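Take a look at the structure below.
Every number in this text was worked out from the coordinates using simple rules, so none of it is lab data. The structure displayed is predicted, hence computed values, not measured ones. Cβ coordinates were reconstructed from backbone atoms using ideal geometry, including for glycine residues, and neighbour counts include every protein chain displayed.
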Amino acid sequence: MKVEFKKSWGVALILLATVGLAGCTVNPATGDQSFTGFMSLEDEIKIGRDEHPKILKSFSGAYKDLAVTTYVSGIGNRLAAKSELPNIKWTFTVLNSPQINAFALPGGYVYVTRGLMALASNEAELAGVIAHEIGHVTGRHTAQRYSSSILAGGLSMAAGIFLGSAAGDFANFAGHAALQSYSRGQEFEADSLGVRYLSRTNYDTRAMASFLSKLRSHSQLEAKRHKKDPSSVDQGDMFATHPRTIDRVERAIANAKGSKSGTRVGTIDYMERVHNLLYGDDPKEGFVKGRTFVHPEMRFRFDVPEGFRLFNGRTAVVAKGPGGSIIQFDMAGKPYNGAMTSYISNVWARRSSFNRVEPINVNGMQAATASTRIRQKNGTFDLRFIAIRQRNDRIYRFAFLTPPNLTDRLSLGLRQTTFSLKTILRAEAQKYHPNRIRVKPVRAGDGVRTFVRQMGVNDFKEETFRVINGLGNNERLRTGKLVKIISK
């Protein structure tokens, strides 16, 4: 055993040394030496191809508007053609997500969300986002991160690769790489490369910084919606996956050697494409209307009490209320044929001990309720579970979390939420329509208030109008300008 161990150790040393020497390659985009010895360009292309369907599934699929998707692909392909990897098969996808995000998979798969498109004001701003993501691909940043992590793992990782036991690690890392933060150096490099590609395609390179300014304003507004300090956005990433700052982008623009800013902004073309763009929640995932959540395709709705604010997440609907109280609504992944009391105790919350579990009837549907008290790091809370089964074995679930000193005061409103859940007829479901971006010209005599009155959002109407149009707090509109509003 001792002899075999020494042999394996020696093999690992040789392997590590060999890869370390051979793994430094000339980066096609920067011309610098970079360590990518554990992931070839062919590996990157395969990873992107394999992971692409998973990304689509995670972000509600691709946005199905041919005019929009063709437009975005055209921008991306023009930029990619001016990159150092023009011959790989680039794929540009608009994700059907209201989130504001953009990212790239290795091998030429670039994604922007429709939420991001709703925030941008012209083609140059969107091109700046796409060019930055192309920079991550041409800079081979995923290959660098993976190869460096292997090297940092030392001999045991090297031996694992030699023996074939690390294949799963390779796939796991690659699959999540696009959704994790890059280093500051890689972000700056992607910005610098993005400026290069914008310049080569005659775009105004300053649009990269102007879009980040809009993104910062949007983040501050979202902080207000969540009752947080707007200045807190400067302490974290403005993109969940991109720790970028406006000053770093401006430095990349200033330092871009041989890259002069172009003249193309493309406001009119861009506004034509985003007119009628879906804004916010897609009907197939339900949407929030004030204190009501309605799902027109699955045909149900419920209301939350006054003082609670609804948020439609990817896996659950959450309402935040007084004193840290929370309502969470979701649906069971599988049907259950037994009693709802048994479902709560034996399936949904089988590790909890309840004060009482009892059956109830909610608008003709079999249901059950159970309560307990839990202790968390942030305090003690009362927790109530509600499980409701529709006739077709669909199980709706509410979880009510309240501080003990507020439980009695909030109990009536939460009970009303439970019994507000009901099936709606097709005719009623058809009355609910999602919001869309509408583009309108500013005419003589129009002011900000003219368009704020047309905004179909629940609150912060003027702030939302200013953010999506890149207007400062006191900035006025000029006649002839195209502006975006949100309405049905």
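A few comments on the model shown:
- Partners for Lys260 among lysines (Cα-Cα distance below 19 Å; same-chain residues under 8 apart left out): Lys82
- Applying the Karplus relation 6.51 cos²θ - 1.76 cosθ + 1.60 with θ = phi - 60° to the range 50-57 yields 3J(HN,Hα) values of 6, 8, 3, x, 5, 5, 4, 5 Hz, where x marks Gly and Pro.
- Loop-located GluC sites (Glu not before Pro) across the range 272-352 with a Cβ neighbour count of 15 or fewer within 10 Å are Glu297, Glu306, with loop assigned by DSSP.
- For the listed peptides 474-484, 65-75, a ranking on the average number of other beta carbons within 10 Å per residue, highest first, reads 65-75, 474-484.
- Set of the range 357-395 residues, backbone N closer than 13 Å to the point 7 Å along the Cα-Cβ line of Ala332: 366-369, 386-395
- Within the straight-line cut-off of under 17 Å between alpha carbons, the lysines reachable from Lys284 are Lys57, Lys64, Lys431, Lys488, sequence neighbours fewer than 8 places apart in one chain being disregarded.
- Only Cα pairs under 8 Å and 6+ residues apart enter the sum, and on that basis the relative contact order of the range 284-429 stands at 25 percent.
- Estimated FRET transfer efficiency when R0 is 51 angstrom, pair Asn405-Asn276 (beta carbons, to 0.05): 0.60
- Label-to-label distance, nm, for residues given as Gln376 and Lys260 (7 Å Cα→Cβ offset): 5.8 nm
- Whole-number percent relative contact order across the range 435-487, with pairs defined as alpha carbons under 8 Å at least 6 apart: 62 percent
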